[in-house]
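Trainee: After the structure tokens below, expect a handful of questions from me.
The values are calculated or read from the model by the stated rules, or taken from the named source; none is laboratory data. It should be emphasised that the depicted structure is a prediction, and the values quoted were computed from it without experimental measurement. Using ideal geometry, Cβ is built from the backbone for each residue, glycine included, and neighbour counts are taken over all protein chains shown.
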Amino acid sequence: MSLMKLSFAEAVSVMRCKYLPQFAALIVLTVPVLMGSSLGAQTAIHSIVVESPTLSSGETMPRVYTPDGRNLSPPLTWTNLPEGTREIAVICADFGAGNPPPWVHWIIYGIPATARGLPEGLPIQPGQVMPDDVAGAIQGHNGWRRPYYRGPAPPRGTPHLYHFTVYALDKELGLGPRLTREDLLEAMDGHIIGRGELVPVYERFGSPE
């Protein structure tokens, strides 16, 4: 995937994880281009505040949200949604993995505009009902082609950044199940009026595998 198709923060993740020795030089060269591309693609995107009672940007993600623990989906909250929000979507992706990147860990869309977050441990079994606050929400296909959250498991000794991105949409899209990240981004094109993210880190310690 071209860096020009990523947001500035997502492109930074790619460069940090994959091109660390050249990161400082690359960031100087690409900041003006990336910022210009982002602004040109869709202007006036409202900034959403994304938080979590258990995660913080730049801090290590607890093991309980990874395959090293219970692999639960983490709780998220959001505030400062733009006026006119009709639906919310969330994507969790690692822009330092995948060929091409990103590797997708979670997709959930069709979240009611009244929701103020996602609780911990959303369903992973077929037929399980979503909590009342997010009733009607659908989990799309992650990078393993599974419709649920699956946490980070990067190579040992290599820290990766995990972008939990929240999108506010100006329309109820009425999307069906089994969408991929690419499908969802295409469906949301032209309807994103707000965006925010939380970017924790995860590293597995020990000798690289």
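Trainee: Yes or no: the stretch 163-183 includes at least one residue that is β-branched (Val, Ile, Thr) and touching a His at 6+ places or on another chain (Cβ under 7 Å). Write out each step before concluding.
Mentor: Of the residues in the stretch 163-183, the ones β-branched (Val, Ile, Thr) are 165-166, 180.
When the remaining residues are screened for being touching a His at 6+ places or on another chain (Cβ under 7 Å), the result is 180.
The answer is yes; a qualifying residue exists.
Trainee: Go through ILE91, ILE111, ILE138, ILE107 for me and flag whichever is without any contact (Cβ under 8 Å) to a residue 60 or more places away in the chain and either out of contact with any strand residue (DSSP E or B) (no Cβ under 6 Å at 6 or more places or on another chain) or buried (at least 23 other Cβ atoms within 10 Å of the Cβ) (or both).
Mentor: On the way: ILE91 fails: without any contact (Cβ under 8 Å) to a residue 60 or more places away in the chain; ILE138 fails: either out of contact with any strand residue (DSSP E or B) (no Cβ under 6 Å at 6 or more places or on another chain) or buried (at least 23 other Cβ atoms within 10 Å of the Cβ) (or both); ILE107 fails: without any contact (Cβ under 8 Å) to a residue 60 or more places away in the chain.
Residue meeting the stated conditions: ILE111.
Trainee: Can you pull out every residue in the stretch 114-135 that is of a type outside the set (A, V, I, L, M, F, W, C), in contact with a strand residue (DSSP E or B) (Cβ under 9 Å, 6 or more places away or on another chain) and farther than 16 Å from PHE164 by Cβ?
Mentor: Scanning the stretch 114-135 gives PRO123, PRO131, ASP133.
Trainee: Oh, and also: Select, from PRO100, PRO74, the only residue that is closer than 30 Å to THR158 by Cβ and crowded, with 23+ Cβ neighbours inside 10 Å.
Mentor: Working: PRO100 fails: crowded, with 23+ Cβ neighbours inside 10 Å.
It is PRO74.
Trainee: Also, quick follow-up: Confirm whether GLY194 is in a strand (DSSP E or B), touching a Ser or Thr at 6+ places or on another chain (Cβ under 7 Å), assigned by TED's automatic domain parsing to the domain that holds LEU76 and touching a residue at least 60 places away in the same chain (Cβ under 8 Å).
Mentor: Details: in a strand (DSSP E or B): yes; touching a Ser or Thr at 6+ places or on another chain (Cβ under 7 Å): yes; assigned by TED's automatic domain parsing to the domain that holds LEU76: yes; touching a residue at least 60 places away in the same chain (Cβ under 8 Å): yes.
Spelling it out, GLY194 is indeed in a strand (DSSP E or B), touching a Ser or Thr at 6+ places or on another chain (Cβ under 7 Å), assigned by TED's automatic domain parsing to the domain that holds LEU76 and touching a residue at least 60 places away in the same chain (Cβ under 8 Å).
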